Each structure stands twice: as structure tokens, then as C-alpha cells.
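Written below as C-alpha cells is the structure these notes are about.
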Amino acid sequence: MSLDTTETKAAPKRGMNILFSLTLLGLLLFLWLLLGFSTNSFWTPNNISNLLRQGAMTAILAVGQTFVIITAGIDLSVGAVVGFASVIVAWLITAGVPVWLAIILTLLIGVAIGMFHAFGIVRMGLPPFIITLATLTSLRGIGLLITNGSTISISNDAFTNFARADFLGIPSLFWMVIVVAIPAYVFLHLSRWGRYLFAVGSNSEAARLSGVNVTRTIYTAYILSSTCAAFVGILLASRIGIGNATQAEGWELQAIASSVIGGTSLFGAVGSVQGPLLGAFILATINNGANLLNVNSFWQRIITGALIIVIVYFDQLRRRSSR
């Protein structure tokens, strides 16, 4: 099967993705209206600002995770990469490295982690689940060794004030979502490299026979995922003012949940950029609303898990009916 044929068959899927995204947007607006009527504090500027900050970092993680899941892979390390990146950027800034250089070096470490993952998958033949799970454990251990089990405080006010600031009345963290989302959309939906991701996720052998460099495509997906996670680690360090290796524990599940809720198939070859973004803010809205309504935080996890089960189940039904 040629890539041209694949592109022709993908056209109806793009239409379905747009329709699904509009449905998610409608659900998000419905939740906002419902919480607006149910509480007196949801529509306050402080709460909306807090909601946007809560969802922003998960949204960026979800976009990176989506690249990997489209190739029929998984990256369980992103939460650990976030914590590790926060330690690295805090350590560099505290050591006197200029902020701009510390940010670049931290992002390059994210690139290196992604390359390591792809090397383990492509060259060593390890399942994505295993290599990224091993990295999750190792990075937390390395981060704890660097900090001696403690945290690194950041005294650079220009750095720490960024994530807490607003621009045009909108939190800076939300602007970072836009900075990531626009090039991610162009890459995934408007470039041949994005088509390669879908082709590899659909059938890697057929993609190889069609001339796709499968190895390079897998490297690209995992590098983008880890780089997004490293970027979130920098933003998190800016927001809380410390580097902490155990920070962002469990965020990998939030990223996967956001991507799946956004319509990305765990079986590969189906996904978008806008879906995971909306999925992340739906989860953030549910968590925010639960807090405002004084709902036990354990219910938030139950709701997230139930959403994943339901959506993956219907994704399986869709796949069976399309065969």
C-alpha cells in the first residue's frame, strides 16, 4: 500500500477527528456551564486562571505522548522526565549557569532520553513499555542522588516569576500550550513526517516497504515526547521554585488519559493534536470542579480510570466495525 493510498483513506478519518474534537469542545463547555451553575467560585478570575495553569502542563505532556501512541508505542517515563528536568534546570541555575543556557541544556537532556528510548526499542528490541518503565525508575533514582533526597531551591526571580505571570490577562503557562500546539499541529497534520507516524502505527512493515524510514520515525516520536516532558519540567520548576525528582509522580497516567480521552487510539494510527489538548482540560475541569464541590480526591482518580476504560472499549468496537 502506497502512502498516497493511505492519505486518501485518511481523509474521512480527519473529518471524524474534527467531529470528535467538536464533541469534546462541547463537553468541555457543558462542564464549565454546569460548574458555573453549581458553584459560586468557578467563574472567578482566580479559579479560571488556576484551571488554565492546571491543565497547561498536562496538555503539553499529552501532545508529546500522542506522537508516541500514534506509532503504537507508549511512554511511561514522562512524569519522571518532568521531575528529573526540574532538578537539572534548578541545579544548573543554582550553579550559576545563565537561565537561557540552563533551559537549552535541559531540553537537550530530554532529547537524549528520547533517543535512548528509541535505541532500546529499535536496536535492542525492547518493548516500549519495558524501556520507558525502566527509565521512569532510573530517572527518579538519579534525581534523588543529585538532590540527596531533598530539593533544590531556585533563587532566580526572573525564572520563577515567569510561570506565575500573566500576559494579556492569560496565564503564561497557557501561552506555552499554544507555543507547543501550533508547530505540533503543523508537524502531525500538515507534513509528510506526520503521515509517517500514522503509517508506522498502522503497519510498520507496510510503511517500510512504502519507503518510510521506520527507525527514524520512531526516534522522532520518542524524542518529541521526552522533549515535551523536559519542557514541562522547566515550567514546573518555574512555577514551584524548586527542583524535585519526585514531583510529577503519576503525571504519565494523566498524559495518557488526556490523549486517550482526546481520541488517540492505544492501538496506534489514530490521533490528533487538538484532541489531547481538550482531553487535558476536561480532566483539569473535572479535578477543579471536584475540589470546588468538596468531592473526595479519590473519586477524581476513579472517574479518570472509568473514562479510560469506556473510551478504550468503544475504540475497540470502532476498530472491529471498520474491519
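The values are calculated or read from the model by the stated rules, or taken from the named source; none is laboratory data. Bear in mind the structure is a predicted one, so any value in this text is a computation, not a measurement. Heads up, the Cβs are rebuilt from the backbone with ideal geometry, glycines too, and the neighbour counts pull from every protein chain shown.
Below is a table of values for the structure above.
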read-out	value
When residues of the stretch 240-273 are limited to those that are small (Gly, Ala, Ser) and more than 28 Å from LEU25 (Cα to Cα), the one surrounded by the most Cβ atoms within 10 Å (Cβ to Cβ)	GLY243
Matching residues in the stretch 85-117 - criterion: being surrounded by 24 or more Cβ atoms within 10 Å (Cβ to Cβ) and within 29 Å of SER265 (Cβ to Cβ)	ALA85, GLY110, ILE113, GLY114, HIS117
Set VAL260, VAL270, VAL312: member being assigned to a helix (DSSP H, G or I), more than 30 Å from ARG164 (Cβ to Cβ) and at pLDDT 85 or above	VAL260
Exclusive hit being assigned to a helix (DSSP H, G or I), farther than 22 Å from LEU173 by Cβ, in contact (Cβ under 8 Å) with a residue 60 or more places away in the chain and in contact with a Ser or Thr (Cβ under 9 Å, 6 or more places away or on another chain), set VAL200, VAL232, VAL212	VAL200
Failed condition for TRP100, given (1) at pLDDT below 95; (2) over 21 Å from the mean Cα position of the chain (by Cα)	(1)
Which listed residue is closer than 20 Å to THR147 by Cβ, touching a residue at least 60 places away in the same chain (Cβ under 8 Å) and assigned to a helix (DSSP H, G or I), from VAL81, VAL63, VAL68	VAL81
Among (1) surrounded by fewer than 23 Cβ atoms within 10 Å (Cβ to Cβ); (2) touching a residue at least 60 places away in the same chain (Cβ under 8 Å); (3) part of a helix (DSSP H, G or I); (4) not hydrophobic (A, V, I, L, M, F, W, C) - the single one PRO276 does not satisfy	(1)
